[in-house]
Structure formats: structure tokens, C-alpha cells
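The values are calculated or read from the model by the stated rules, or taken from the named source; none is laboratory data. These numbers come from a predicted model, not from an experiment. Glycine also receives a Cβ, built like all others from the backbone with ideal geometry; neighbour counts cover every protein chain displayed. Heavy atoms of the whole protein, side chains included, go into the accessibility calculation; ligands, DNA and RNA do not. Shrake-Rupley method; radii C 1.70, N 1.55, O 1.52, S 1.80 Å.
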Amino acid sequence: MNKKSTLVTFASAAVLLGLFNINNSLTVKADTVEQPAVGQRNTQAANPNDQNNKPDQNQAQTNQNNDVATDQAQGQTTQNNTATNTTNNTNNQNNTGVADTTNTDQNAQNQVAGDTTQSISDNVSNGFSNTSYNQNNDAAVYKLDPQTIRVLQTADVNPKDLTEVQLKEVRKLNFNDLDKDTSTRWTYDQYAGVAKKMIDQDAQYRVPYFNAKKIKNMPATVTRDAQTGKVAELEIWDSWPVQDAKTGRVVNYKGYQLMIAMMGIPQQNDAHIYLLYNKYNDNNLNHWKCAGPIFGFNAKPTDQEWSGSATVNKDGSIQLFYADVDTRENTNHQKIATVNLKLKVNKKKNTISIAKRSHRHVLFEGDGYHYQTYKQWKSTNKGADNVAMRDAHVISVGGQRYLIFEASTGSNNYQGENQVYNWKNYGGTPKEALQNFLKVTANDDMRSRATWANATIGIIRLTKNENNPKVAEVLPPLVNSLMVSDEIERPNIIPMNGKYYLFTTTRLNRGTGDDLWQQADAKVGDNVAMLGWVSDHLTYGYKPLNGDAAVLVASVPFNWRTSTYSYYAVPIKGNKKEVLVTSYMTNRGFASGPNKRSTMAPAFLVRIDGDTTKVENIATAQGDWVYDKKSKRKSMIAKNIRGAHLKGEPIDHSLLKKA
């Protein structure tokens with residue numbers, strides 16, 4: 001945080017008079033959803049010139065345009081420190097491939113956030129006890145409309161205790177904004193709830209501690225690189241299995257389980273998708289084999305492929321959905337694309353190869369109305385705005401295929417300063433909402449973040465031509481995070497017990513609450529999370545799981561070997577109470593040290609009971625997609641955080657200091 005921002009923060013804190021206390025318990029309100037309508041849109045960006053910033057979104061992507069890669073890099077501390085200046089400390093970030101949360105600037109920022117919070121908290125006991133003011137008189141004296149006066153009364157705030165700057169902001173509040181579509185809001189109060197669970201390390205949500213000494217690089221990733229054509233030691237990040245589009249279960253494809261994954265040479269601008277395979281129900285990491293890059297060799301760094309999904313068509317071919325990414329303009333121009341694959345299986349040699357590729361084409365780039373287009377984004381981007389059109393997940397309901405994907409809201413419900421004043425974006429009790437509003441508007445960086453934040457989970461319906469689909473209908477978003485977050489990614493829907501469970505991943509430092517993610521970084525060393533919602537309907541009506549959408553929260557620093565991200569849940573055959581959560585482990589670019597490449601993490605179980613979830617301390621071997629009786633590996637779980645740590649890994653920002 002620069003000197004100017006620091007002074008603004010302290011000056012604002014001095015006059016807030018108790019409007020914010022980070023330690024207050026949060027009351028979460030579930031969104032009410034109207035009946036469905038129709039529509040859609042696009043967004044995201046990165047700097048491909050910075051090799052560490054590529055689709056590995058786990059690395060410190062200094063320019064927020066780098067936010068993009070599906071590797072949704074973790075630990076992007078410096079970038080998120082200043083949405084208005086995404087180039088701070090770039091030398092340090094590029095040297096490490098991930099944000100250095102131990103640097104001086106970060107420590108200073110965490111101190112600022114802490115001091116500001118303390119200053120405001122000290123004033124809480126002194127302010128807003130006198131609510132006996134005359135409503136009509138105050139409306140005239142302070143130039144406040146009756147509705148604003150009523151909100152202040154409910155929040156136990158006397159307008160005479162507000163500064164003129166605060167009154168000016170309060171006068172702009174919009175309490176009557178109509179819902180533009182059927183999407184569910186992920187509110188600031190809910191975002192804060194996730195942050196609190198992370199900071200508190202609530203065991204119900206904390207990612208398990210994995211045994212660091214048991215983790216190894218994936219042998220199958222030593223293979224020919226898509227760009228060079230030469231055998232190299234690749235890293236692997238976002239991955240997904242070939243699934244049954246109706247049930248979500250991993251397909252048994254002629255005796256094999258198939259996986260598609262993003263892979264590339266560490267610390268290079270190298271991000272392409274590969275096909276891997278293993279015998280079905282074989283949970284040995286060493287037995288996975290690589291069939292090579294999906295689109296062959298001679299790939300270019302300017303033309304990349306990012307995360308998606310895959311299913312089997314009626315004719316036995318594989319329908320793959322992925323993000324086609326053009327980085328020629330030093331941005332990440334993302335488009336949802338598809339290709340039909342015919343595979344050749346040689347059981348005698350135990351090999352699978354791609355026999356034919358056909359009907360490769362772009363499906364969707366946004367419609368401008370529900371989903372932002374690249375052109376819309378480019379016309380207003382000033383370096384702090386994230387663009388996204390990726391991570392398409394296929395699901396079949398009632399004989400129709402749909403794609404769920406990450407995007408940004410379009411003109412129907414667009415980003416902008418007006419979203420900062422939209423009361424519905426804050427959530428919580430009136431007092432909490434007012435506290436958060438005044439906190440956001442008093443901080444230049446947080447206001448900037450709030451202005452640009454418009455991540456959304458979109459949905460489109462496809463035509464019935466499985467092998468060569470087109471868009472049949474663009475539908476309104478399922479969830480939006482306007483004013484709250486500019487990145488909620490890798491959406492995945494699991495049909496279970498007559499309901500639809502929507503899961504996504506995020507990093508809190510892509511959100512508005514600087515003080516919250518900075519506290520998480522300072523205490524835990526990371527700020528990644530998995531979010532979840534549930535609905536009785538595929539296309540609308542989603543309510544946050546656990547009150548605020550928290551399903552998983554980070555448990556170890558981003559630069560440890562056992563750090564995880566890009567969570568992806570799959571159903572378990574015959575099990576209606578649990579899902580298996582997979583991810584990759586170790587952030588890209590040797591974030592945890594030499595020779596420690598990003599690899600497949602041990603999977604683990606999450607129990608689901610209606611609209612609540614709980615992490616179970618049960619893990620599998622690395623790279624296990626099909627959970628059965630042989631899957632459980634007690635040796636992969638560490639008893640405590642000490643077991644998740646390797647000698648030499650930093651502990652300044654971790655819970656290990658107190659263990």
C-alpha cells in the first residue's frame with residue numbers, strides 16, 4: 001500500500017467512530033431468488049509476457065490481467081494489495097513465481113489493516129448509542145431521505161456522529177435497486193464470513209493437513225512438451241476427469257479412467273491441455289500414463305488451452321469443452337470452445353491415443369448483455385479489472401446439455417461505481433452492512449476493487465448435436481459477486497438427492513476486503529477457498545451452503561509443498577452423503593523449492609447434509625478420482641500442521657509458529 005493510501009486509510013479510520021469491528025460475529029442472510037428468466041455474458045485477462053503469470057493462477061500475477069490462468073494461482077499477495085496499482089514489487093514476484101507474503105510491503109499492509117481495525121474497534125463502544133433523534137428533523141438537517149434515516153436508526157447510528165464525508169457517501173446509497181435477473185448474490189457479508197472461517201481455521205471447513213513427506217511429483221508428467229516436442233519435466237495443475245454428463249460420476253471408458261489436465265514446463269509461458277489415463281479403480285499415482293497434448297505438438301505460447309470438462313457421446317466419442325485463450329495482445333482473451341475426440345484403445349499394449357479430432361470451434365465469447373465480452377472489457381480496463389470466459393462444465397438434465405462457466409456480468413447488471421452504493425450487495429444486518437459500506441468507501445483500493453468486481457457463474461444451453469454442439473440459449477447467471485469479488489472460478493455442479501450442488505473456487509485477494517484477506521495471509525499464509533451453493537433447480541434459486549458459501553478454506557501457506565488449489569468435487573457411486581474433492585498440490589514455478597513441481601494432490605472427502613457441509617479427515621493416494629474401499633490412505637494425513645511442513649519452508653505467515 002503506498003503512502004497516500006495509508007494516510008487515507010488512517011484518516012478514514014479516525015472518523016468512522018465505531019462503524020467497523022472485524023471480530024464481530026457475522027449474521028448471514030440467504031438470498032431469495034425469483035422465478036427464472038433468460039440471458040448471458042463474458043470476462044478476464046493476464047500478461048503473457050510474464051512467464052510466471054500464465055494460466056497458472058496460483059502464481060503471483062503482478063498485473064491483475066494475469067489473474068486469469070486456470071491454474072488460479074494462489075498467494076497473489078502483492079497484486080491484490082492495490083487494485084489500482086498492480087505492478088508493485090514485480091521484481092520480487094517474478095523472481096519467485098508466486099507472491100512473497102513475507103516481504104516488507106506486505107507486512108506493512110497487514111499492519112495498516114490491523115491498526116485501522118483496532119482504531120475503529122476502539123471507537124465502537126463510544127458511538128451510536130443515541131438513536132432518539134427526531135426523524136423528520138434529521139432528514140432536513142442532514143439532507144437524508146426517510147429510508148436512509150430508517151436504515152441508520154435500525155443500525156443504531158445517529159447521523160450527527162457521521163462526518164460530512166460519510167454523510168456524502170450515505171446519501172448516495174441505493175436501497176431500491178431491482179434484481180436484474182434470477183442470479184443469487186454472493187454478498188460482502190458472506191465473503192467476510194468465509195474470511196472469518198479461514199482466519200479462525202474452523203475444522204469444519206479447513207483443508208486437511210497432508211503428510212508432506214509422502215508427496216511426490218507425478219511420473220506421467222515427464223513427457224513430451226506440446227511446445228518444444230521434447231521430453232521435459234512438466235508441472236500439472238487444473239485437471240478434470242471424463243464424466244457422465246447426467247450423474248457427474250467418472251466414466252469407466254473401456255476399462256480406463258480418463259483425465260484431461262493443464263500442463264507445462266515450470267516457469268515458462270507454457271499452458272496446454274493433455275490427455276492422461278489409468279486403469280479404472282487403479283489408485284496408484286505411478287500407473288497414470290500420458291497420451292500427449294490434446295492438439296498435438298508445435299503449440300505456441302500465444303495460443304493456449306485452459307480448464308474445462310469432458311463427457312462421452314452416444315457414439316463413444318469424447319466431447320471436450322475447454323477455454324481457448326489468445327494472449328497476442330498481452331491479455332488473456334478467453335473463449336469457451338469444444339472439440340470432438342475419437343480415441344484408440346490398445347488393451348494388449350495398455351495404451352490410449354487420440355485417433356481423430358473434429359469439429360473444433362469456439363462456442364461462446366459472451367453476449368454483452370448477461371455476460372461481458374472481451375470488447376466490453378477492453379474498452380474500460382485500466383489494469384485492475386479481471387476478465388473471464390472459461391472453465392466450462394458440462395451437465396445433462398432432461399435430455400439437454402448445459403455448460404456452467406466462469407464469466408463476468410454484462411450490461412444488464414454491469415460493474416461500476418453504482419454497485420458500490422447498491423445496498424443489496426452488502427448483506428448481513430443493517431448495522432453490519434453500514435459498517436462495511438463505510439469501510440469500503442473510506443479506502444481507495446477497496447473502492448476500486450468494489451467498482452470492478454463482477455465475477456459470475458454463467459449457464460448456456462447447447463443444441464442436441466452432441467458431436468458438434470452450438471449455443472441454443474443463453475440463460476441468466478446462477479451466481480454473481482458484484483462489488484465483492486472479480487474471480488470465482490472452476491464451477492462444477494453435482495446432482496445429488498434431488499438437488500443441484502454448485503461448487504467453485506476463489507481467492508479472497510481477488511475480492512474487495514483488503515483487511516480480511518490480508519489477515520488470512522498474515523495468519524495462514526494463503527487465502528484460497530472453495531465455495532458452494534445448492535438449489536432445487538438447475539438454472540436458478542441457489543442458496544449458499546453453510547450460510548455464507550464456505551466449503552473449504554486454506555490451511556497452510558501457499559509456498560509449502562502441501563498447499564492446494566483448484567478444488568474439483570466429483571460424486572461417489574452409491575454414496576449420497578459424501579463427495580470426493582480433488583486438487584493440485586504445490587503452487588507452480590517451484591513455489592515450495594527446487595524440484596517440487598505442481599502435482600496431483602491426495603483427494604479427500606466432504607460430507608454433505610442438505611445445505612451444510614463438513615470436511616472429513618479422510619484422504620486418498622495422490623491422483624485418485626474413483627473412491628472405493630481401497631482408496632483410503634491414513635498415511636497421507638498428517639496429525640497436525642507440523643506434519644504438513646517440510647524443513648526449510650518459511651513459517652513466518654503460518655500457524656506452525658503457534659503449534
I need a count of the residues in the stretch 616-659 that are of a type in the set (D, E, K, R) and in a strand (DSSP E or B). 2
Looking at the stretch 377-407 only, could you name the residues that are within 17 Å of the chain's Cα centre (by Cα) and not hydrophobic (A, V, I, L, M, F, W, C)? ASP385, ASN386, ARG390, ASP391, HIS393, GLU406
Which members of the stretch 254-268 meet the condition of being touching a residue at least 60 places away in the same chain (Cβ under 8 Å) and either in contact with a strand residue (DSSP E or B) (Cβ under 6 Å, 6 or more places away or on another chain) or assigned to a loop (DSSP other than H, G, I, E, B) (or both)? LYS254, GLY255, TYR256, GLN257, LEU258, MET259, ILE260, MET262, PRO266, GLN267, GLN268
Give the residues of the stretch 592-617 that are open to solvent by 20 Å² or more (accessible area, probe 1.4 Å) and either touching a residue at least 24 places away in the same chain (Cβ under 8 Å) or under 21 Å from LEU531 (Cβ atoms) (or both), sorted by residue number. ASN595, LYS596, ARG607, ASP609, GLY610, ASP611, THR612, LYS614, GLU616, ASN617
Working only within the stretch 534-549, note down all residues that are open to solvent by 20 Å² or more (accessible area, probe 1.4 Å) and either assigned to a strand (DSSP E or B) or among the polar types (S, T, N, Q) (or both). THR539, LYS543, ASN546
Answer residue from the stretch 601-647, given it is touching a helix residue (DSSP H, G or I) at 6+ places or on another chain (Cβ under 9 Å) and among the β-branched types (Val, Ile, Thr) and is farthest from ILE572 (Cα to Cα) among those: ILE641
On the given criteria, is ILE149 at pLDDT 85 or above, more than 34 Å from the chain's Cα centre (by Cα) and part of a helix (DSSP H, G or I)? yes
Residues in the stretch 251-268: is at least one closer than 29 Å to VAL534 by Cβ, surrounded by fewer than 21 Cβ atoms within 10 Å (Cβ to Cβ) and not basic (Lys, Arg)? yes
Can you pull out every residue in the stretch 290-348 that is β-branched (Val, Ile, Thr) and farther than 30 Å from ALA384 by Cα? ILE294, THR311, VAL312, ILE318, VAL339, VAL345
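Quick check on THR184: is it surrounded by 15 or more Cβ atoms within 10 Å (Cβ to Cβ), within 29 Å of ALA455 (Cβ to Cβ) and at pLDDT 95 or above?
Judged against the criteria, THR184 is a match.
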I'd like the full set of residues that are assigned to a helix (DSSP H, G or I), open to solvent by 10 Å² or more (accessible area, probe 1.4 Å), without any contact (Cβ under 8 Å) to a residue 40 or more places away in the chain and within 16 Å of PHE437 (Cβ to Cβ), limited to the stretch 154-176. LYS168
Report the residue count in the stretch 351-362 for those that are open to solvent by less than 20 Å² (accessible area, probe 1.4 Å) and touching a Ser or Thr at 6+ places or on another chain (Cβ under 7 Å). 0
ALA392 vs (1) open to solvent by less than 10 Å² (accessible area, probe 1.4 Å); (2) more than 30 Å from TYR256 (Cβ to Cβ); (3) of a type in the set (A, V, I, L, M): all pass except (2)
For the stretch 332-350, which residues satisfy the criterion of being in contact with a Ser or Thr (Cβ under 7 Å, 6 or more places away or on another chain) and among the basic types (Lys, Arg)? LYS342, LYS344
Among LYS214, LYS197, LYS246, which is basic (Lys, Arg) and either without any contact (Cβ under 8 Å) to a residue 24 or more places away in the chain or open to solvent by less than 40 Å² (accessible area, probe 1.4 Å) (or both)? LYS197
Criterion violated by THR373 - all others in (1) open to solvent by 10 Å² or more (accessible area, probe 1.4 Å); (2) polar (S, T, N, Q); (3) touching a Ser or Thr at 6+ places or on another chain (Cβ under 9 Å); (4) over 15 Å from VAL471 (Cβ atoms) satisfied: (4)
Filter result for ASN436 (of a type in the set (S, T, N, Q) and touching a strand residue (DSSP E or B) at 6+ places or on another chain (Cβ under 7 Å)): no
Consider the stretch 556-591. How many of its residues are of a type in the set (S, T, N, Q) and either open to solvent by 10 Å² or more (accessible area, probe 1.4 Å) or part of a strand (DSSP E or B) (or both)? 6
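Suppose we keep only residues that are in a loop (DSSP other than H, G, I, E, B) and open to solvent by less than 10 Å² (accessible area, probe 1.4 Å) within the stretch 269-282. Which one would you say is nearest to VAL242 (Cα to Cα)?
So the residue we want is ALA271.
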